[in-house]
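The values are calculated or read from the model by the stated rules, or taken from the named source; none is laboratory data. Just so we're clear, the structure is a prediction, and the values are computed from it rather than from any experiment. Counting neighbours? That spans all protein chains shown, and the Cβs are built from the backbone with ideal geometry, glycine included. Each accessible area value is taken on the protein alone, full model and side chains, heavy atoms only, with ligands, DNA and RNA left out. Shrake-Rupley method; radii C 1.70, N 1.55, O 1.52, S 1.80 Å.
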Number of protein chains: 2
Amino acid sequence: MSQLWKKNLINITPYVAGEQPKNDNIIKLNANENPYPPSPEVQKILAGKTAGDFRKYPDANAVPLKEALAERYGLSPENVFCGNGSDDVLATAFRAFFNSDKPIFYPDITYSFYPVWCELLKIPYETKPVDENFEIDVRDFYPENGGVVIPNPNAPTSIGVGKEFIVDLLEHNRYCIVLIDEAYADFGRYSCVELVKKYDNLVVTQTFSKSRSMAGMRVGMAFAQSELISYMQAVKDSYNSYPLDQVAIETAVASVKDEKYFTETVDKIKSTRDKGVKILRDMGFKVFDSETNFLFASHPDYPAKEIFEFVRSKGVLVRYFNKPRIDNYLRITVGTDEEMQSLYGAIRELLAK
Amino acid sequence: MSQLWKKNLINITPYVAGEQPKNDNIIKLNANENPYPPSPEVQKILAGKTAGDFRKYPDANAVPLKEALAERYGLSPENVFCGNGSDDVLATAFRAFFNSDKPIFYPDITYSFYPVWCELLKIPYETKPVDENFEIDVRDFYPENGGVVIPNPNAPTSIGVGKEFIVDLLEHNRYCIVLIDEAYADFGRYSCVELVKKYDNLVVTQTFSKSRSMAGMRVGMAFAQSELISYMQAVKDSYNSYPLDQVAIETAVASVKDEKYFTETVDKIKSTRDKGVKILRDMGFKVFDSETNFLFASHPDYPAKEIFEFVRSKGVLVRYFNKPRIDNYLRITVGTDEEMQSLYGAIRELLAK
């Protein structure tokens, strides 16, 4: 009787976060973190920062960061939205753009936060099964809908699509918002940010957590025509006016301005990744050609769960999903060459048993 | 025809942020920022931080900060929620707790974000007019409702209430969630965090932006019994898993642990504030006894807007609200003694004309 307030509590199933090892000695290849530090320019900005500045509110619209990103991508600051990590940016986009009675469409195997936001925001949705090679068929996204979300490259499959696919998708979806989640695009063949100028219904999201080694600072962004960005700003300003703190804004700007370091780091990871695909295939794994900073792999003779547990016992943590269709696959973050050697060594030990 | 996607855009009126002067020489008494830097311990942590750590995700639940706050307030970490500024924490609480068909109640003159969240989240609400002295009548909050929000002390009125009021409010609201917004409580007579142990329907929110001089870092928190905190966590985990970045978590912990600096800074501001009340009254102002880090003042002979514009022309920015009932008042942030002297000098110049 006294707890009648319980009837007004929200009714949701919370998202369950991944394993966070307390052991510092473990090799962490489970969270798609970048094995390299951010640009030395980021360290310089951090070292020059004084806590005395903390007393003032940050720039509410992260203007210096919007300007740096606009310059980097050949757009205007009005085409850029910045948020507290890619999740904040994506959730803001879902809320701003998906207000139809018709379902939004996204692939059945994809980022697990999409259904969580749909439930939280009461957005109807319909998943489109990827094929037996985990590829997305663009024709599944032709029918009338309330919006389309495609991650490119997709996660956890690591598979990317090219310009032709995205243009086809856009040409068949002129009447809804098309959201392309490019969390991993810096490691892939194609980013569609260039299409923002042409398609007024395209929204592209990216993150500083992967290619820019700044997961710890929570910075994400979206690119779109200014009208769409203004709707995202309106949602942000109705929820939390200052999502990016001073240090996040200033260090992110430094990262964007160091193009050379960015390219070098991405290239190193792609090189380690491509070697990894061959090495795992030589061990008998099925491995997709990855356009991301992780590998998606399955072995015909060893269940994924067994490999996951064995390599963990050897001090290497990868990601195992106990989910339909992908429960025999491992998602392996691309670490340094040395970290990958430890993984390969542990797997060889298992296969030799 | 081609812009049919417009029908699915969200329909909201965005919150309009306050004036952000570009001129660094202006004395900023308009945003209730703290004039003093955060604890020197915060600077130490910042100076010792290396950007190399940024590559890893932060602790998703800000556990070190929850532990530090729990210790400070004599609670358990399970009684603490941390978010990306007080606004994030409050919006999370609104979403977690206000899901009734009955309206939530809050004062008519109060923090302007409450109606914005109600609109965004489609929460029915009813405002209860404060009296002619801007005081809240607790009896207005007795009738059946979907939840109660009381800021204590209230803003922009600067008026606080004591324990008797809060207990009375709680005793008459056993069947809904009572949310006490304590953004300014460290400057006031009473914080009800102690009542969290007794009342299972009480939620108390606070911020690092005012008394802890960390507006730039976006840290806010809530205190409640563990069941209520778990609902807030569920909302957070359904929206954005990692709202606090590494630097925010680590510097906030340093702030909480330096109790001596905290007390000294709050005392300095209270001293400057109480002198300010007398000085403004001597100049003919009506000024409320403030329990916050700002003064709410009105002059019988000079319209607030005129004073606002005059002192701005002299390089001092205060806050003027063009809103019903308070459009002849100024909200003046308590700065350093020197900053306040500049304000008083400018006002004297106007009154002498």
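Of the candidates A:N25, A:N32, the single residue that is touching a residue at least 12 places away in the same chain (Cβ under 8 Å), surrounded by fewer than 21 Cβ atoms within 10 Å (Cβ to Cβ), farther than 30 Å from B:N8 by Cβ and among the polar types (S, T, N, Q) is A:N25. When segment B:226-273 is filtered for residues that are closer than 19 Å to B:V80 by Cβ and of a type in the set (K, R), the ones remaining, listed by number, are B:K236, B:K257. Per the conditions (1) open to solvent by 30 Å² or more (accessible area, probe 1.4 Å); (2) over 20 Å from B:Y199 (Cβ atoms), the sole criterion not satisfied by B:N99 is (2).
Each residue in segment B:186-203 was checked for being surrounded by 24 or more Cβ atoms within 10 Å (Cβ to Cβ) and closer than 30 Å to A:M217 by Cβ, and 1 pass.
Across segment B:122-137, the number of residues qualifying as surrounded by 19 or more Cβ atoms within 10 Å (Cβ to Cβ) and farther than 25 Å from B:I10 by Cβ comes to 4.
B:Y261 - would you say it is farther than 22 Å from B:E182 by Cα, aromatic (F, W, Y) and open to solvent by 10 Å² or more (accessible area, probe 1.4 Å)? Judged against the criteria, B:Y261 is not a match.
Give segment A:227-245 a look and list any residue that's buried (at least 21 other Cβ atoms within 10 Å of the Cβ) and over 16 Å from A:D88 (Cβ atoms), or say none. Hit for segment A:227-245 is A:L228, nothing else. For beta carbons closer than 9 Å, sequence separation of 6+ or different chains, a first residue in segment B:269-292 that is over 19 Å from B:E132 (Cα atoms) and a second that is among the basic types (K, R) and open to solvent by 60 Å² or more (accessible area, probe 1.4 Å), the qualifying pairs are B:L280/B:K286; B:M283/B:R348. The helices (runs of 4 or more DSSP H) falling completely within segment B:1-102 that include 2 or more residues that are modelled with pLDDT of 95 or more and facing chain A (nearest Cβ under 9 Å) map to B:40-48, B:86-97. Select from segment A:231-268 the residues that are without any contact (Cβ under 8 Å) to a residue 40 or more places away in the chain and more than 7 Å from chain B (Cβ to nearest Cβ) and write down the one among them that is nearest to A:N293 (Cα to Cα). Filtering first and then ranking leaves A:D267.
When the criteria are applied in full, B:Y302 meets the requirement of being in contact with a helix residue (DSSP H, G or I) (Cβ under 9 Å, 6 or more places away or on another chain) and assigned to a loop (DSSP other than H, G, I, E, B). Got at least one residue in segment A:107-121 being in contact with a Pro (Cβ under 8 Å, 6 or more places away or on another chain), under 26 Å from B:Q233 (Cα atoms), open to solvent by less than 20 Å² (accessible area, probe 1.4 Å) and within 14 Å of chain B (Cβ to nearest Cβ)? Checking segment A:107-121: at least one residue is in contact with a Pro (Cβ under 8 Å, 6 or more places away or on another chain), under 26 Å from B:Q233 (Cα atoms), open to solvent by less than 20 Å² (accessible area, probe 1.4 Å) and within 14 Å of chain B (Cβ to nearest Cβ).
Of the set (1) farther than 17 Å from A:Q3 by Cα; (2) more than 21 Å from the chain's Cα centre (by Cα), all apply to B:I159 but (2). Screening B:G335 against (1) part of a helix (DSSP H, G or I); (2) of a type in the set (G, A, S); (3) crowded, with 17+ Cβ neighbours inside 10 Å leaves a single unmet condition, (1). Would you point out the residue of segment A:138-165, among those that are in a strand (DSSP E or B) and away from every other protein chain (no Cβ under 14 Å), that is surrounded by the most Cβ atoms within 10 Å (Cβ to Cβ)? The extreme case among them is A:P151.
It is to be established whether one or more residues within segment B:289-298 are of a type in the set (D, E, K, R) and either assigned to a helix (DSSP H, G or I) or open to solvent by less than 10 Å² (accessible area, probe 1.4 Å) (or both). No, that holds for no residue.
Looking across segment A:166-193, the residues that are outside any strand (DSSP E or B) and of a type in the set (D, E) come down to A:D168, A:E171, A:E182, A:D186.
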